[in-house]
Every structure is written in structure tokens, then in C-alpha cells.
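To keep things clear, I will list the structure first and then write my remarks on it.
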Protein chains: 2
Amino acid sequence: MSSVKPNVEPRHPIGVVSSRTGLPQDLIRAWERRYEAVKPGRGATGRRLYSDSDIEKLRLLRRAVAGGRRISDVVAYPIERLQRMVDEDRAQIVAGAPRPRIDATGAGAQALLAEAIEALEAMDRHRIEQVLREAAVELSGPALRQEVIAPLLDTIGERWEDGSLRIMHEHLASTIVRSFMLANRNGHDRMNAPRIVVTTPAGQHHELGALMVAAVAEESGWDVYYMGPNLPAEEIAAAVRQVGARALAVSVVYREGDHIFDELQRLRPLIAGIPAFVGGRASDSLRDRLTAAGFLCPADLTEFRSELQSIVG
Amino acid sequence: MSSVKPNVEPRHPIGVVSSRTGLPQDLIRAWERRYEAVKPGRGATGRRLYSDSDIEKLRLLRRAVAGGRRISDVVAYPIERLQRMVDEDRAQIVAGAPRPRIDATGAGAQALLAEAIEALEAMDRHRIEQVLREAAVELSGPALRQEVIAPLLDTIGERWEDGSLRIMHEHLASTIVRSFMLANRNGHDRMNAPRIVVTTPAGQHHELGALMVAAVAEESGWDVYYMGPNLPAEEIAAAVRQVGARALAVSVVYREGDHIFDELQRLRPLIAGIPAFVGGRASDSLRDRLTAAGFLCPADLTEFRSELQSIVG
DNA sequence: TTTTCTTTGACAATGGCTGTACATATGGGT
DNA sequence: ACCCATATGTACAGCCATTGTCAAAGAAAA
């Protein structure tokens, strides 16, 4: 496993922050100057250096403003409250939202991961959700995926195969993580963004990998058409065509014989000319044959992100 | 019910209120000026700031007026009474057809449904989402399910079987509706509520019926453990036991031979003593045998809701 | 050198407020 | 049938505070 990544340590220049939040640089500076929205550190020569949680806050502010709030009203709210408000605005419902208090223990990603597994073993839905919420506050989006959710899925996979977790555990984790990630989708402008279809080929029922892919693509500014798991090759091709997608990404977790490879090979000519990514556990063992067949097989989500950007760039 | 009172503290600008209620800003101001429909607070520079219960009242007023009431007659009623009246009006409208006078979006439930189907045919994700959001403003939660989402799923089912919609359409609709319904779960205090497990038996990949069931149960105050689709009998039973559920609900859409019935029959003794609901399209043709086997088969969601209440009552 | 940042000040767009109209209904009363 | 008062949704003008954007000029990094 990788090491814990506290939310305040890593520092980014304003350009990165701008592209990750979708906010113009000028606006970020204006928000700082006028409202102290965030207080980034400074380098030796006075340049701004933002932490991951700064980025997270700016993201939330952007969504809050897009939802009709006034920046001066919301700028002082803590991250948890912003998150809550943005969720409600998205759903457009009028519900008193109690949300259990979280006493932030400042626990690192590993501790969060361990607690999530423990809660899962106990089938304690509320505790799993709480851990995820806590993690979302503690870590930024990418770190959350990389340090908590991905390892969580890996662990579940392993422990399922060795029999110490059951199908029901996997299902519960899936639904909770799924709704969690869907709830955190950014409501960006997306109308004119390049489109990407994300799904899982026929026979592949596990969609969490695909969900993470969708989250990364969305963060990179794409208009994501998430189609859920278990879609036959012809349907994938039809969706790509109909939607006018500029890329396709599928996630493959389980490899039983060559069935999956055959399915993908059938798919490839149906979407000629469109870059197609294959990711997930099982893609490792198939990488050579897949790349030979014309698929792109990034090793991890970071690589996927940069390859995505090279398409539109 | 362990729900929390609607926050009076947080305050929303008029733009947010307008989009959440579907009322034009001018009209909101007019109702205040002429009838004191609500009395929002004011910010430092005189801008209106509304509370959650203000929004709730405005939504009810809108629906009361849409139901043929005169604004001046109903404007003074307290929220509870408005709620009751609006519910009654809706029940009557379903029977006869008094004409709504306001139709801000120019669309009744049927028109919304038609537009949703059209958008789905075009694979236009944003338009589908837009229609659902409009519908959520237009209609209350139960009405939304009953008059838009349920018919939508039925239509999709039919048109899939006759070949005029493809699998990809069904998948897209599933993911969108799913994330929409999950986003609308409101954060009540569910810690001490009775628990119910909701899922779909092995071989049943269509989860939308189960999602609607979950929404109804959640609305009725249950702590819902939604497990996603395609869960084998032993796993369902294990989940029920581990979670300590007081009820189980499964949704069955497709019937291929007697496979499903066998699966359910295998399940029944594993969860002895716990009420188990079976719903969905395919449950009709199996009703007699299922009830004989000890399952409850409500005809629709309304019946399901009342049977649910009789369990805890 | 070229790119990326920084600060400062100015400017224009946005959106909300009040107040005043205006155009249809709706409902009597004659 | 006719006429009028009232009810109600909508529109706009003029004003103000807020807020996004831009330009200029210089410093630091690549």
C-alpha cells in the first residue's frame, strides 16, 4: 500500500488549481483578496501554493455559486457544510439534513481504510458511510480514490477470493460506494465538453472500477456517459456512435478464460477511429494482446488521466 | 417518526428558492407583497433570505394553486393543512379532471413522461436529467414515482421487448434514474429505525424496481439496506440475518421458466419468521404460488407502503 | 526568451430591490 | 347580455451592491 497523504502537505501552483477547479486564476485571486476564501501558503518568492483541501474547498465554492448562492454568503462555511449544501442544491429537495457529527480524528488514509473494512464486516451501513464522508473531508478527490476507495476495492477482492468476505459484503460495499461517488459528481457546464462512454463489457458485473474511471474523466472535464455494467459489444458501439463520443473506457475485473478478450476483440472494429481504454485488474494479464488489438491500457488512474488529456489537447 | 424538523436557520437567496419551487421570482415577491405568503429575513443590504420552511410552504402553495385553489384562499393556511389539502386534491385529480390553471413548465406528468422517452431515444443525458429535475419540482416524491418514473420504466420495458429501444437505452435510463433517486435520499435519522433489506434475486439484473421499493421504504421511515441486483438466496438470507432486518423486499422483473420461483422457494425457509415482499412485473403471474409459499405480493407501491406500516405499527 | 505569477485598479455584467404598470381571468350585479 | 370591480400572473424601469473579468507592469521560473 502507499503511504498516507495528509491533506495539507502537498502544494500546487495556481495554474494547476485553476485547471482542476475550473475557476479562472483571476477569480481565485479575487476570492482570496476579497473574502479570504482560502489562505494558500507562499513560496520563497511570494507565489501561491495550494493544498489539496484548498482545492477541494474551491471546488465546492464553485459548485455552490453555480447553484445560485452568493459567494460572500457561502465563502466562510466549513467544507462539511459546503458539501452538504451543494448536495441538497443538486437534488433540489427540501430536507432538514441532520448528518451525524464527525469528530475528525485526523486519521490517515490507512486508518480510514481499516475502519471501513471493519464496518463492512459488521455490515454496518451507517458506519461505512460515515467513514467515507470523513475521508472525503480529509482528502481531496483524487487522493480519496487513490488512497481509500481503490485499496478498499482491492482488499474486498482479495478477501472475497480467500473466502473471508461474502458476496453480500461486496454488494453492500458496491452500492454504498456507488451512491457516494455519484453524489459527488460535479455539476459542471459539460454541455460542450467532449464526451466519453464508460461501461463494463458483457459478463462483467462489477462496476466500481468503471465508476472510478468515470469520476476521473469527469474531473478532467469530460461529459461522461456512464452506462452501468454488463453491456454487450454491439450496444457499446451503438452508444458510442449515437452519443458522438470521442473516447470509450471499459473496466474489466474478472477474467474467465478468453471470453472477455474475445468480446473486446469483437468490439474494437465496431468503433474504429475512436480511442478505447481498458482498465481494471484483469487488464494487466491481457495488456500485450489488448494493445496489439488497438486498445489503450493505462496502468493506473493517473496515467489514464494524462492520456485522456492528450486526446483533447 | 424520527425525522428532524426542517431547518429554520439556513437562509437561501431568492434565486435558489425560485429554482427549487419552480415559481418565478416576480411571483414570489408578489405573493409576499400582497398576501405575506412568507416573511423571509433580510440580509445587510435588504436582500431576501428564505428558510427551508419558507421554501416548503411556497412549494405547497404552488401545488395548491396548480390544483385549482385560489392563492388568496389558501395563502394563510399553515403548512400541515396545505400538505393535507394538496394530497387530497391530487387524489381527486387522478379520478376526474379539474384543470390546473398554472403550468409553469407547460408540462403535466404525461408530457414530462413523453419528453423523457424522447430524450432517451436521442440518448441525450442532459435532457433526461433536466426532465427529471423539472418533474421533481412539479410533483411530490410519491407522485413523481407513481406518475413519471414507474410509467417510464414500464414504457422502456415494453419498447425493449418490441425492439424499438435497445439495451443501451435501458442502461442509460437505469444509471440516470438510479443516481437521481439516490441523490434524493434525504438524510433522516435512521439509526434506530427498523431495517429492511432490498435487493434482486440471482439472475435478475434489473434493479430499478428494487430502487423504487427502496425509496418507498425509506420514505416510510425504514433504515434501508439496499444491496443492488443479482444476489443469490443464501447471500440474501445471510444479509437479512447479519443486519438484523425486520423485513425483506425483492423485485422480480423477468421470468424465464421457473428458475426464479425455485430460487425464491429456496430462499423462503432461510429467513423463517421474517416478512418477505416480492414485487415487480413478473410477480403477477407468480402471485398465487408465491403467496402459497409464504411471500407477500403487494399489487403496487401504495399497497406495499401500507403493508410495510402494518409491520411496525 | 518565454512562460507563469503577482499586485493593483478599473470596469461592466449580473442579479436583486422597489414601484408601477398591464393583461387576463373571475365573479357578480344590473 | 352587459358592465365593472377584483384577483392574479407578468413585465419593466431605475437604482444599487455584488462580483467576474481585464489590463498594465513588473518579478520569478523554465
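The numbers here are math on the coordinates, done by the rules we state, and not lab data. The shown structure was predicted, so the numbers you read here are calculated from the model rather than taken from an experiment. Please note: Cβ atoms are built from the backbone with ideal geometry, for glycine as well, and neighbour counts cover all protein chains shown.
Remarks
- Taking Cα atoms only, the orientation of helix B:167-183 departs from the longest principal axis of chain B by about 60 degrees.
- Position B:D26, label points 7 Å along Cα→Cβ, spacing to each other copy in nm (shortest first, one decimal): 3.3
- Summing +1 for each Lys or Arg and -1 for each Asp or Glu among the other residues whose beta-carbon sits under 12 angstrom from that of B:R127 gives -4.
- Shortest-first distances to equivalent copies, position B:E307, nm, label 7 Å out along Cβ: 5.0
- Degrees, to the nearest 10: B:301-312 long Cα axis against longest axis of chain B: 80
- 29 Å Cα cut-off, lysine pairs counted over the protein assembly as shown (separation 8 or more, or different chains): 7
- If R0 equals 45 Å, the separation of the Cβ atoms of B:R70 and B:D300 corresponds to a calculated FRET efficiency of about 0.85.
- Kirkwood Rh and Cα Rg combined as Rg/Rh, the protein assembly as shown: 0.96
- When Rg and Dmax are taken over the Cα atoms of chain B, they come to 21.6, 69 Å.
- Across the identical copies, the 7 Å label point of B:K39, projected outward along Cα→Cβ, sits 4.0 nm from its counterparts, in ascending order.
- Normalised contact order of the range A:214-313, rounded percent, pairs of Cα under 8 Å and 6 or more residues apart: 28
- With K and R counted +1 and D and E -1, the other residues having a Cβ less than 13 Å from that of B:W160 yield a net charge of -4.
- Put simply, the amide H of B:Y226, placed in the peptide plane, has neighbours under 5 Å in B:V198, leaving out anything fewer than 5 places away on its chain.
- Amide N of the range A:236-258 lying under 17 Å from the label point, which is placed 7 angstrom from the Cα of A:S310 along Cα→Cβ: A:247-249
- Counting all C-alpha pairs of the range A:216-278, share separated by more than 13 Å (%): 65
- Under the Debye formula (equal points on every Cα, no solvent term), log10 I(q)/I(0) of the range A:159-276 at q = 0.12 Å⁻¹: -0.47
- A Förster radius of 25 Å, combined with the Cβ-Cβ distance separating B:D26 from B:E80, puts the computed FRET efficiency at roughly 0.35.
- GNM top mover of B:L301, B:L132, B:L27 - chain B, alpha-carbon springs below 10 Å: B:L27
- Taking B:R178, B:R159, B:R195 in turn, the Gaussian network model of chain B (Cα-Cα springs below 10 Å) assigns the largest fluctuation to B:R159.
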